[in-house]
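Working notes for the structure below.
The values are calculated or read from the model by the stated rules, or taken from the named source; none is laboratory data. Everything numeric here is computed off the predicted structure, so don't read it as measured data. No Cβ is skipped: glycine too gets one built from the backbone with ideal geometry, and neighbour counts run over all protein chains shown.
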Amino acid sequence: MTTLRIEHAIHDYDQWKAAFDSFAQVRADAGVRGYAIRLPVEDQRCLMLDLEFDDPDAARGFVQFLEQKVWSSADSAPALAGVPRTRLLELRGAD
């Protein structure tokens with residue numbers, strides 16, 4: 001299992017969440033198995049999103065989709081502030 005962690009600043013959570021929900025089928029088609037949305041307690045204008053994939057290649061492909069189709073212009077992602085940061089994570093040492 002590979003986690004794609006996306007961290008970015010947002011202008012408005014409700015607007016972001018509505019856009020996120022509209023991509024449910026796109027995520028499923030890309031192989032997303034599950035997700036978790038996290039907002040830091042002290043900074044509700046920042047967001048961490050963990051998307052679960054079967055393998056790193058699927059996660060990398062989804063990053064390319066996001067960079068080319070979603071994050072490429074402010075018009076396509078008006079709730080975002082700044083440039084998102086992505087990381088691929090592996091689970092190690094869990095029981």
Handout entry: Filter result (farther than 18 Å from A59 by Cβ and outside any loop (DSSP other than H, G, I, E, B)) within the range 35-46
Key = C46
Exercise for the section: Can you tell me which residue among V32, V26, V63 is in a loop (DSSP other than H, G, I, E, B) and either modelled with pLDDT of 95 or more or among the aromatic types (F, W, Y) (or both)? Expected result: V32
Practice task
Filter the range 47-60 for residues that are of a type in the set (A, V, I, L, M, F, W, C) and part of a strand (DSSP E or B) and give the result.
Solution key: L47, M48, L49, L51, F53
Practice task
Only residues that are surrounded by 11 or more Cβ atoms within 10 Å (Cβ to Cβ), among the charged types (D, E, K, R) and not in a strand (DSSP E or B): list them for the range 1-23, please.
Solution key: D12, K17
Fill in the blank from the handout: Output for Cβ contacts, cut-off 6 Å, separation at least six or different chains, first residue closer than 17 Å to V41 by Cα in the range 3-21, second at pLDDT below 95 and polar (S, T, N, Q), reads none
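Per-residue answers, yes or no, for (1) under 13 Å from T2 (Cα atoms); (2) exposed (fewer than 14 other Cβ atoms within 10 Å of the Cβ); (3) not aromatic (F, W, Y):
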| site | (1), (2), (3) |
| --- | --- |
| E42 | no, yes, yes |
| D57 | yes, yes, yes |
| F62 | yes, no, no |
| V70 | no, no, yes |
| S73 | no, yes, yes |
| S76 | no, yes, yes |
| P84 | no, no, yes |
| G93 | no, yes, yes |
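Determine, yes or no, whether L4 is of a type in the set (A, V, I, L, M), out of contact with any Lys or Arg (no Cβ under 6 Å at 6 or more places or on another chain) and at pLDDT 95 or above.
For L4, the condition - of a type in the set (A, V, I, L, M), out of contact with any Lys or Arg (no Cβ under 6 Å at 6 or more places or on another chain) and at pLDDT 95 or above - is met.
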Practice task
Sort out which residues of the range 41-95 are in contact (Cβ under 8 Å) with a residue 60 or more places away in the chain and farther than 15 Å from I10 by Cβ, and write them in order of number.
Solution key: T86, R87, L88, L89, E90, L91
Practice task
For the range 3-24, indicate whether the set of residues that are touching a Cys at 6+ places or on another chain (Cβ under 8 Å) and over 23 Å from L91 (Cα atoms) is non-empty.
Solution key: yes
